[in-house]
1. If you scan segment 281-297, which residues turn out to be of a type outside the set (Ser, Thr, Tyr) and assigned to a helix (DSSP H, G or I)?
2. For segment 204-249, how many residues are in a helix (DSSP H, G or I) and either without any contact (Cβ under 8 Å) to a residue 60 or more places away in the chain or within 14 Å of the ligand (Cβ to nearest atom) (or both)?
3. When the residues of segment 118-137 are narrowed to those that are part of a helix (DSSP H, G or I) and out of contact with any helix residue (DSSP H, G or I) (no Cβ under 8 Å at 6 or more places or on another chain), which ends up farthest from Asn177 (Cα to Cα)?
4. Residues that are over 24 Å from Pro286 (Cα atoms) and either assigned by TED's automatic domain parsing to the domain that holds Lys396 or in a loop (DSSP other than H, G, I, E, B) (or both): does segment 359-367 have at least one?
5. Please indicate, with yes or no, whether at least one residue in segment 273-280 is at pLDDT below 95 and part of a helix (DSSP H, G or I).
6. What about Ala315, is it in contact with a Ser or Thr (Cβ under 9 Å, 6 or more places away or on another chain), more than 17 Å from Val49 (Cβ to Cβ) and not assigned by TED's automatic domain parsing to the domain that holds Phe96?
7. Filter segment 98-109 down to residues that are surrounded by fewer than 14 Cβ atoms within 10 Å (Cβ to Cβ) and not in a loop (DSSP other than H, G, I, E, B), then give me how many there are.
8. Considering every residue within segment 262-269, establish whether at least one is within 16 Å of the ligand (Cβ to nearest atom) and either modelled with pLDDT under 95 or surrounded by 20 or more Cβ atoms within 10 Å (Cβ to Cβ) (or both).
Amino acid sequence: MIKILNTISGKKEELAPMDSKKVRMFVCGPTVYDYIHIGNARTFVFFDVVAKYLRYEGYKIDYIQNITDIDNKIIEQAQKEGVDSLEYAKKYSDIFKEDMLALGVTSPEYKNATDHIPQVIKQVQTLLDKGNAYTIENDGIYFDLSTFPDYGKLSGRTSGMADDAVSRIDDSDKKRNRGDFALWKFSQKSDPSWPAQFGDGRPGWHIEDTAITDKYFGPQYDIHGGGQDLIFPHHEAEITQQEAASGKKPFVKYWMHVAFVVSKEQKMSKSLGNFATVRQLLKKYPKEVLRFYLLSGYYRSPLEFGDKALKQAEAGVGRITEFVQKLNLSDGNGKENIEEASTQSQKQFTEAMDNDFNTPDALGSVFEFIRTANPMVNTNSLDTKSINSVKLYLEKVNSILGIVTTDKKEIPEEIQKMIKEREKFRAEKNYEESDKLRDKIRSLGYEIEDTIYGPIATKQ
Ligand SMILES: [Zn+2]
């Protein structure tokens, strides 16, 4: 039984999809105007794991992520560089997708905002027809919050709260209520613009998501996720638009929000300049290490960023990978049976994941098991049944979390050659030379363990 801590109720609730075994999940994607940083990636890696876990547990899952390719920030950046803003967005959208693949994020289906303008226009028209929206001349179409008494049920804010107008796009002294937000902005100067019966222009910030989900999921669906900074005003506005337009509630059954990656207790952000891009980090660390790091904390708690945390993740991945390597070399002629311990550990893994996708606890159960099994793997004393059971378990873990390095090319040829050379010295009992080589290999960032199966190298 999977339980989700639902932001809107503040309680852990049992996952019961509206359509039995099919889960419809939507996660807010990036605004594509720059490289994404590791803080953004936390949300996307986490929901990739959620999707893969649900699929593993037998759910059918439709997972959509939007790409905001029309936005003030994009227009501003493109103008600074003197390029077309849609082309500018396309460039960073491609970069985003490359970064995601490089991080092993394979589960979402991406939908561009600009591919869904007819759906946006349809929703704006519905809200105008129902009297939920109004026009401000030479500006745009706004949602009238006084027509939606449920406003604030996710974030606890009210339509009159002074800090409601947080986005420049929603700023106007002609608004009926302070918190009213733009659904559509009429075309200005050289901004990208699409024809519409109520005035040519472009979508506001929140409407693209509901236009997209209404098209693929209908007016109601199961899980909506995103970074915790999106609770307000973005997700509150989404509820408002969609429930007002369709008259059906709840718009979304489970709301899940991912906490920030922090650096010295400050949120990592572009404006503070304390960020590291995914692209930079992938040059230094394999994807498994970055995923391990991002999954090493419970998603609703802040995650500290820094060399220490990344080194810990590297060591964790190294330990699992080394264990798997030895396991793959075991011949099964031993007598020890650990099927029961393996089954028990799998149960703990599942319980942790079922408990609001508690990835640190899930990882903990894997490491506890490795500690138990390691002495037997080190001495090649496991029987075939145990080896198969453990392999299946770790394959399952890896298919969900993506934390085991499986790429043999990880150890460069140069290092492999030195390892072979060292073996020769060892065979000749020339330990002085073999130790020298070991030190040299270590200085290049690889640790060698002499096992019953021969030397096993891992990247440090
Ligand atoms: Zn969104």
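The values are calculated or read from the model by the stated rules, or taken from the named source; none is laboratory data. Everything quoted here is computed from the prediction, not taken from an experiment. Don't worry about glycine lacking a Cβ; one is built from the backbone with ideal geometry, like all the others, and counts go over all protein chains shown.
1. Scanning segment 281-297 gives Leu281, Leu282, Lys283, Lys284, Lys287, Glu288, Val289, Leu290, Arg291, Phe292, Leu294, Leu295.
2. Qualifying residue count for the region: 24.
3. My answer is Pro118.
4. no
5. Checked segment 273-280: at least one residue is at pLDDT below 95 and part of a helix (DSSP H, G or I).
6. It is false that Ala315 is in contact with a Ser or Thr (Cβ under 9 Å, 6 or more places away or on another chain), more than 17 Å from Val49 (Cβ to Cβ) and not assigned by TED's automatic domain parsing to the domain that holds Phe96.
7. 3
8. no
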